[in-house]
1. For the stretch 71-137, rounded, prolate or oblate, judged on the Cα gyration tensor with a ≥ b ≥ c (square roots of eigenvalues), a/c < 1.5 rounded, else prolate if a/b > b/c?
2. Within a Cβ distance under 12 Å of Arg178, other residues only, what is the Lys/Arg minus Asp/Glu net charge?
3. Using helices alone, what [θ] at 222 nm do you get for the chain, with -39,500 (n - 2.57) per DSSP H run of 4 or more residues, divided over all residues and rounded to the nearest 500?
4. Separation of the stretch 1-63 and the stretch 79-144 by C-alpha centroid, Å?
5. Treating only the Cβ atoms of Lys and Arg (+1) and Asp and Glu (-1) as charged, compute the dipole magnitude of the stretch 1-143 about its Cα centre; round to the nearest 20 debye.
6. Count charges around Ala217 for me, please; just the other residues with Cβ under 15 Å from its Cβ, Lys/Arg as +1, Asp/Glu as -1.
7. Please report the antiparallel percentage of the DSSP beta bridges confined to the stretch 2-237, to the nearest 5.
8. Where the convex hull is taken over the Cα atoms of the stretch 15-59, what is its projected area averaged over directions, in nm²?
Amino acid sequence: MAETGVEGVEIGVYDVRAEVSWERAMGWDRLAAVYGLGVVALLLSLPVERWPSGALTGEPEAVAAQVRGLATVCAQRGLPVLGLWPGGDLPTASWERMTEGLALVRDAAARTGTRLAVEYKPGTLVATSADALRLAADVPGTGILLDTAHAYAAGEDPAEVAYLLGDLLWHVHLGDARVGQADDDLPLGRAHKLGTFVKALDDIDYAGAASFDLYGAVASGRWTGADATRESVAHLREQGVR
């Protein structure tokens with residue numbers, strides 16, 4: 001995969017105890033040596049299928065336990081930010097419980113010096129950039145993970161969102177989507193051109209990781225992971241990114 005122009009990978013985790021054992025982490029390093037791609041980011045995914053009663057709003061102590069484990073790995077690997085997607089917290093959930101749960105989880109991560117970037121997505125309690133900004137204001141010390149596909153799905157312009165978030169933008173996922181299709185995760189350039197977003201990142205001096213999130217495209221069977229990544233890299237190069 002290094003030949004595609006990618007410099008590293010983000011590891012998505014559902015259960016730290018099952019998926020981030022010492023042996024598995026050593027496996028990451030072996031694969032990095034073979035393919036030239038190290039681990040540059042970690043994401044804790046909390047989908048509704050695994051958290052039917054809510055994640056931050058339903059089982060915050062259990063989420064905090066997950067975060068403590070992953071934050072330790074982040075500290076060991078020099079990764080300052082841990083991504084967090086609260087997909088199990090649906091629009092009907094309590095905002096107050098959300099802020100209380102996130103504060104608990106923020107403090108769990110902070111023990112290792114790790115910061116949390118919360119990913120917003122239509123169809124969840126944190127559905128838009130406005131929701132993400134409200135959450136960051138209500139729980140100081142947390143930041144925002146901007147997924148360009150989720151922004152497009154919400155009818156937002158990711159470039160405008162980047163300027164709006166400013167120094168609260170701590171992590172980026174790259175993908176494309178049609179309006180209203182939050183699970184598209186299409187290769188870049190399929191529905192929108194991303195050049196203005198890249199310029200916005202430069203303008204705000206964004207220095208964090210930017211990972212391809214093409215899960216929906218690959219899960220559809222229309223692309224392999226390598227093909228979706230190559231197409232996305234090609235689009236970025238067409239937009240002047242080198």
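1. Verdict is prolate for the stretch 71-137.
2. Details: positive: Arg190; negative: Asp176, Asp183, Asp184, Asp185.
For residues surrounding Arg178, the net value is -3.
3. The per-residue figure over the chain is -13000 deg cm²/dmol.
4. 18 Å
5. Here the stretch 1-143 has a charge dipole of around 240 debye.
6. That sum, taken over residues with Cβ under 15 Å, equals -4.
7. 5 percent
8. Mean projected area for the stretch 15-59: 4.0 nm², to one decimal.
The numbers here are math on the coordinates, done by the rules we state, and not lab data. Nothing here was measured: the structure is a model prediction, and the numbers come from that model. A quick note on method: Cβ atoms are made from the backbone with ideal geometry, for glycine too, and the neighbour counts reach across all protein chains shown.
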